[in-house]
Amino acid sequence: MEELPFTEFESHPIETIDGFIGLTLREGRSLSRKLFYAGFCALPWLWFVNVWFFYPQLKRGKDVGDRELFQYVRASAIGFVVFSICFLPWTLTYLIGGEKLLGTSLWNRLSLSHMPNLF
């Protein structure tokens, strides 16, 4: 099989969750990189968007698909799973357990709806 020149290879369309929508490899790499780094700016849901949008690349693997794109999508998947494992139990504890589980003092410090007596 003849290997394509690097610049010509980057202009080939890649598959996303929506199929081949005209996104080139260069644009896909750029978008995936931006979504990955934006996830560190307190926006971890962008990691989920990255994994969802480029799922065919993740499913295909690094040996068949593009390695750089696969690395960003895999790192986004790992980041989202780690964030979910840490955030979900804390949220459920706060919402389900509430004041009874956390105690009145801690609940009053964490609660955004608690208004302290200022006067």
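The values are calculated or read from the model by the stated rules, or taken from the named source; none is laboratory data. Keep in mind that what you see is a predicted model, and the values were worked out from it rather than measured. Here the Cβ positions follow ideal geometry from the backbone for every residue, glycine too, while neighbour counts run over all protein chains shown. Surface accessibility is based on the protein's heavy atoms, side chains included, excluding ligands, DNA and RNA. Shrake-Rupley method; radii C 1.70, N 1.55, O 1.52, S 1.80 Å.
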222 nm [θ] for the chain, helices only, -39500 (n - 2.57) per DSSP H run of 4+, per residue, to 500?
-> -18000 deg cm²/dmol
State the percentage of accessible surface on the stretch 19-119 attributable to carbon and sulfur atoms; use a 1.4 Å probe and exclude ligands, DNA and RNA.
-> 68 percent
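If you roll a 1.4 Å probe over the heavy atoms of the protein chains, what accessible area per residue do you get for the stretch 51-106, in Å²?
Value for the stretch 51-106: 67 Å² per residue.
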Note down the relative contact order for the chain as a percent, whole number, built from C-alpha pairs under 8 angstrom at least six residues apart.
-> 18 percent
Show which lysines lie in cross-link reach of Lys34 when reach means a straight Cα distance below 29 angstrom and same-chain residues fewer than eight apart are skipped.
-> Lys59, Lys62
Pairs of Cα atoms farther than 20 Å apart, the chain, % = 56 percent
Output ordering of 82-94, 49-61, 29-41 (per-residue mean of other Cβ within 10 Å, highest first) is 49-61, 29-41, 82-94
Give me the number: length gained by fully extending Glu68 to Tyr37, i.e. 0.36 nm times residue separation minus the C-alpha to C-alpha distance, one decimal in nm.
-> 9.7 nm
Go ahead and collect, in residue order, the members of the stretch 43-65 whose backbone nitrogen is under 16 Å from a label point 7 Å along the Cα-Cβ direction of Glu27.
-> 53-54
